[in-house]
Each structure stands twice: as structure tokens, then as C-alpha cells.
């Protein structure tokens, strides 16, 4: 997934679309994911997560090179729909599988799995940026990424568990404090999705980086997210949920301010680091709060947060595209800072019954 971020400016240039049209194209990525996710949950419950992990993985590695060479907007939309479906499939299936692995190991492992997602973000964006900076074409970079993914699937294939994940959790509309938590989760996921899809275009369009180095921002964002999540459990235990939400939200807002007023690239890159550090533990805290509230059953509350969170990712790229078309990409990123400011503002209410 992260290998796609540095390729976005090249895809825009090849197809000749504007920001608004690009937003619609990126919406296809989210639509594909949202269609695939409930289907994957149902299939994984009946037949196990292993075939869905393999299917999603093979789909992603086959479609990434197509994204790197498609020069027609309609073809790009169709490819993004399939790529998003592959990513959505493997996302749900891996989490179902992770639950089984953690249960078999009889020790907490989930935070480490999610930290590996952030490490993958750094490796994907950083590796692709390095290849492009060295003179490789987008197609060459995509083929390298697909080859590495194929090797990883080959290693994992015989080792994946065959256990089933249980019955898929139905979606129930959030209410009470869960509605607030879901809204904050959607806002945070929206910001993360916008950084993935639009950060390269932002720093390229403002002259802070060349097209071949457009992935640097997302790479640094992923590094900060990784460090934040690897240390997050200890920080939350010491500081408490409320303080983590307040500090994280303020740090992310400060990062956006630096990014938007940056006179040169170094300041902008510090902004990406601050956004990553600030956002890293907001979603884990929100999920923890959802699991411990008493307004709704914990499982249903977590399921509602997951669905609304992915709705934020779904809406994010398109919303940024429409807003940037009307008032500019920098102004659109300013609105992301406003969204992140809601986290510290509403932290007290979100944690009212908990520390």
C-alpha cells in the first residue's frame, strides 16, 4: 500500500486529471476496500483467513504495476477499485488471523502486529522513493515491490494457520459516547488517509521536493507512527488516556502548522514527523475506550469504530480533492489541522468516565 503513495504524482501527470478528478479516482481505492471488507469477514469466518490473505496479497502485487503504467483515467479508476479490494481483503483477513495467532501464543501481540504495519509504511514509501530518486521508472519500482511481496507470500503461505475466525461481527450504529469516539476515529483515519494519498502532491506542488522525492513525507510520517506505537503502551500506562489524546492532538496540529508554513524542505519534514508522533496513539486509545465503555456491548462498539474509521479513509481522498479544487491543496491541509484539533478539544468528554 505504501508503495502507491510516491506514485500518485506520476499517475496524476500521466492521466492529466486535476485535483478534483484525482479525488474521485482515489475514492475508487476506498470503495474497493469497503466492498471487500465485509465479504472478507464472512468468507474468513466460514473458510478461514488463509485463502483471503493469499488472495488479497496476490491481487495487490498484480495490480500495483498496472497502477504504475495506466495512462487512462477510466482504466486507473478500475485498477484502483481492484487494488483497494485487494488491500481491504488482506487487511481484514490479517487481523482475523492475528487474533488466532495471539490466542495460540497466549500473550499480547496485537500492538506489535500494528507496529509492523507502520514499518511497512516506512519501507514501502522509503524504498519506492529511493528507487525513483536513483532514476528508476515508476513501473520498475512497482515491479520491485511486487517481487518482494511475492517472496513474502511464498514464505508465509505454508506457515499460515488454517483456523477460522468465528462469526463476523455485525455493524450497529454507534450511540452515546461511542458516537463521539467513532467520530474522532473517523477524523483521525481521514487525516492518515490524506497523508498517504496527498502528501506527495502537496510537497511537490509547493516546490519543497521533486517528484522523485515526493514519498519522503509519508516515509517520515510512517517512521514517527512506528516509534510512537512501539512505545505507546508504556506512555499510555504512565500518562493516561486523556493526556495522550490531548498531547497527541496538539502535536499533530503543530505538525500541520509547520508543514503549511514551511519555507524549506527540512521544516516540512519535521512537520510530517510531528503529525506521525501525534497521531500514532490516538486510534489505539479510542479503541481501548470503546472496549471499556458501558453504553454498548464492547464488541459492537469496536466494530462500529472500525467501520466508521474506514469510512473516514474512504471519504478522505475525495474530500481533499474537492476542497483543493475549490480553495487549494494547502487550505485543504489546513482543514485537516482543524479536524485534529477536535481530538484535544473533546478529549475530556471522550474520557469522562475513564482516566
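Can you name every residue in the stretch 62-76 that is surrounded by fewer than 21 Cβ atoms within 10 Å (Cβ to Cβ) and in contact (Cβ under 8 Å) with a residue 40 or more places away in the chain? Spell out how you get there, then give the answer.
Taking the stretch 62-76 and keeping what is surrounded by fewer than 21 Cβ atoms within 10 Å (Cβ to Cβ), we get 62, 65-66, 69-75.
Those that are surrounded by fewer than 21 Cβ atoms within 10 Å (Cβ to Cβ) and in contact (Cβ under 8 Å) with a residue 40 or more places away in the chain: 62, 65, 69, 70, 71, 72, 73.
Return yes or no: is residue 266 outside any helix (DSSP H, G or I) and more than 19 Å from the chain's Cα centre (by Cα)? Reasoning before the result, please.
Numbers: outside any helix (DSSP H, G or I): no; more than 19 Å from the chain's Cα centre (by Cα): yes.
Spelling it out, it is not the case that residue 266 is outside any helix (DSSP H, G or I) and more than 19 Å from the chain's Cα centre (by Cα).
Tally up the residues in the stretch 206-239 that are in contact (Cβ under 8 Å) with a residue 40 or more places away in the chain, in a helix (DSSP H, G or I) and farther than 14 Å from residue 276 by Cβ, please.
Count: 6.
Please go through the stretch 15-55 and give me each residue that is free of Cβ contacts under 8 Å to residues at least 60 places away in the same chain and farther than 14 Å from residue 317 by Cα, ordered by number.
Taking the stretch 15-55 and keeping what is free of Cβ contacts under 8 Å to residues at least 60 places away in the same chain, we get 16-17, 25, 28, 32, 35-36, 39-40, 43, 51-52, 55.
Answer for the stretch 15-55, where residues must be free of Cβ contacts under 8 Å to residues at least 60 places away in the same chain and farther than 14 Å from residue 317 by Cα: 16, 17, 35, 36, 39, 40, 43, 51, 52, 55.
Kindly establish whether residue 258 is without any contact (Cβ under 8 Å) to a residue 60 or more places away in the chain and either buried (at least 17 other Cβ atoms within 10 Å of the Cβ) or not in a helix (DSSP H, G or I) (or both).
On the way: without any contact (Cβ under 8 Å) to a residue 60 or more places away in the chain: yes; either buried (at least 17 other Cβ atoms within 10 Å of the Cβ) or not in a helix (DSSP H, G or I) (or both): yes.
So residue 258 passes the test.
Out of curiosity, is residue 187 assigned to a helix (DSSP H, G or I), farther than 19 Å from residue 128 by Cα and in contact (Cβ under 8 Å) with a residue 60 or more places away in the chain? Walk me through how you get there before you give the answer.
On the way: assigned to a helix (DSSP H, G or I): yes; farther than 19 Å from residue 128 by Cα: yes; in contact (Cβ under 8 Å) with a residue 60 or more places away in the chain: yes.
Judged against the criteria, residue 187 is a match.
Tell me which helices (runs of 4 or more DSSP H) are completely within the stretch 1-120 and hold 2 or more residues being within 27 Å of residue 230 (Cβ to Cβ) and under 20 Å from the mean Cα position of the chain (by Cα), or say none if there are none.
19-47, 50-69, 73-105
Run down 327, 345 and say which single residue is surrounded by fewer than 17 Cβ atoms within 10 Å (Cβ to Cβ), at pLDDT 80 or above and under 20 Å from residue 274 (Cβ atoms).
On the way: 327 fails: under 20 Å from residue 274 (Cβ atoms).
Testing whether each residue is surrounded by fewer than 17 Cβ atoms within 10 Å (Cβ to Cβ), at pLDDT 80 or above and under 20 Å from residue 274 (Cβ atoms) leaves just 345.
The values are calculated or read from the model by the stated rules, or taken from the named source; none is laboratory data. Computed from a prediction, not measured in an experiment: that's the story for all the values here. Ideal geometry is used to build each Cβ from the backbone, glycine not excepted, and the neighbour counts take in all protein chains shown.
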